[in-house]
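Contents: one structure, followed by commentary.
The values are calculated or read from the model by the stated rules, or taken from the named source; none is laboratory data. Being a predicted model, the structure only gives us computed values, none of them experimental. Neighbour counts run over all protein chains shown; Cβ positions are idealised from the backbone, glycine included. The area values use the complete protein model at the heavy-atom level, side chains included, leaving out ligands, DNA and RNA. Shrake-Rupley method; radii C 1.70, N 1.55, O 1.52, S 1.80 Å.
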Amino acid sequence: VCADLKAVLLIDDSVENALQCATYKEPTHALLFGNYEWNKRVSGPQDAKDEISFDRRLEAGGGREFWKDEITTTPEGVPLTRVKDWGEVVRWVQEAKLIPTR
């Protein structure tokens with residue numbers, strides 16, 4: 001979608017969406033918004049364990065904090081940057097010269 005729209009930037013809180021755009025054959029830089037536990041790991045339709053609730057999965061795993069073991073790392077050279085808030089988004093965009101500063 002980013003390539004079809006000729007987007008120059010994606011701002012999203014989904015690690016799956018951000019990685020998909022940033023690793024496409026014509027990559028679009030992605031800003032991964034927020035530092036949330038749920039957007040630190042990739043989950044897909046093949047990942048059946050994501051079909052159960054957080055509480056049930058925690059119980060089924062004997063209380064193991066599974067989300068700490070499944071942190072996604074960004075492949076080297078991929079144009080993806082994690083930003084913690086809208087202030088960081090604005091600073092990144094200004095530094096990238098995507099919008100003029102006042």
TODO: Report the residue count in segment 10-40 for those that are open to solvent by less than 80 Å² (accessible area, probe 1.4 Å) and without any contact (Cβ under 8 Å) to a residue 24 or more places away in the chain.
DONE: 4
Task: segment 41-96 - residue that is among the aromatic types (Phe, Trp, Tyr) and open to solvent by 90 Å² or more (accessible area, probe 1.4 Å) and, of those, modelled with the lowest pLDDT - done: 54
